[in-house]
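Report on the structure given below.
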Amino acid sequence: MATEEEKTKAEAPSLVDLINTPIEEPEDGVFTTYANVVNMDWTLYDVRLRFAELMQVPNDDYPTWKNQHGILLERAAVTMPWHQAKVLRNLLDGVIKNYETINGELKPIKLPASP
């Protein structure tokens with residue numbers, strides 16, 4: 001087993017200081033979307049987050065406001081390595097804790113019945 005000194009010598013220095021690296025936006029802007037449903041799949045190397053919007057659409061045979069059904073419209077997918085998924089988890093955990101400290105616990109929402 002390698003000693004701490006050997007590990008230190010074998011480890012490459014970090015090439016990017018993310019805190020001080022400038023952020024640039026592409027000329028055509030950054031892609032944005034809305035999602036109220038998230039799902040995921042994964043491989044040995046990556047995690048894929050799939051974002052969709054749960055929405056009501058009219059039935060094709062009789063398209064009225066009353067005749068609708070639910071669909072999941074997939075809006076975007078983001079694939080990232082496991083290490084970045086862990087960073088995302090930590091970021092979300094921190095911001096959700098802060099939100100709940102100020103606003104109270106987030107609880108599962110319930111859909112009201114039709115009037």
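The values are calculated or read from the model by the stated rules, or taken from the named source; none is laboratory data. Because the structure is predicted, anything quoted here is derived from the model rather than measured. In this analysis, Cβ positions are derived from the backbone assuming ideal geometry, glycine residues included, and neighbour counts consider all displayed protein chains. Side chains are part of the model used for accessible areas, which takes the heavy atoms of the whole protein and leaves out ligands, DNA and RNA. Shrake-Rupley method; radii C 1.70, N 1.55, O 1.52, S 1.80 Å.
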Worksheet item: Taking only DSSP H segments of four or more residues, each worth -39500 (n - 2.57), what value at 222 nm results for the chain once the sum is divided by all its residues, to the nearest 500 deg cm²/dmol?
Response: -8000 deg cm²/dmol
Practice prompt. Between beta-carbons, use under 12 Å as the cut-off and find the net charge around LEU72, counting Lys and Arg +1, Asp and Glu -1.
Written response: 0
Discussion item. Leaving out ligands and nucleic acids, and using a 1.4 Å probe, what accessible area per residue does the chain come to in Å²?
Written reply: 97
Worksheet item: Expressed in nm to one decimal, what extension gain is obtained for the pair THR101 and TRP65 from 0.36 nm per residue of sequence separation less their Cα-Cα distance?
Response: 9.0 nm
Discussion item. Below 8 Å between Cα atoms, with a sequence gap of 6+, how large is the relative contact order for the range 1-92 in percent?
Written reply: 22
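Counting only protein heavy atoms, what percent of the accessible surface of the range 21-115 is carbon or sulfur at a 1.4 Å probe?
The nonpolar share, carbon plus sulfur, comes to 59 percent.
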Worksheet item: By how many nm would the segment from ALA12 to GLU24 lengthen if fully extended, with 0.36 nm per residue of separation less the alpha-carbon distance?
Response: 1.7 nm
Fill in: Inter-part distance where the range 39-56 and the range 57-97 are each reduced to a Cα centre, Å
8
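Given 25 °C and 0.890 mPa s, compute D for the chain with the Stokes-Einstein relation, Rh being the Kirkwood radius over Cα pairs; round to the nearest whole µm²/s.
For these conditions, the coefficient is 126 µm²/s.
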Worksheet item: Does anyone have the angle between helix 82-103 and the longest principal axis of the chain? Alpha-carbon axes, 0 to 90°, nearest 10?
Response: 60
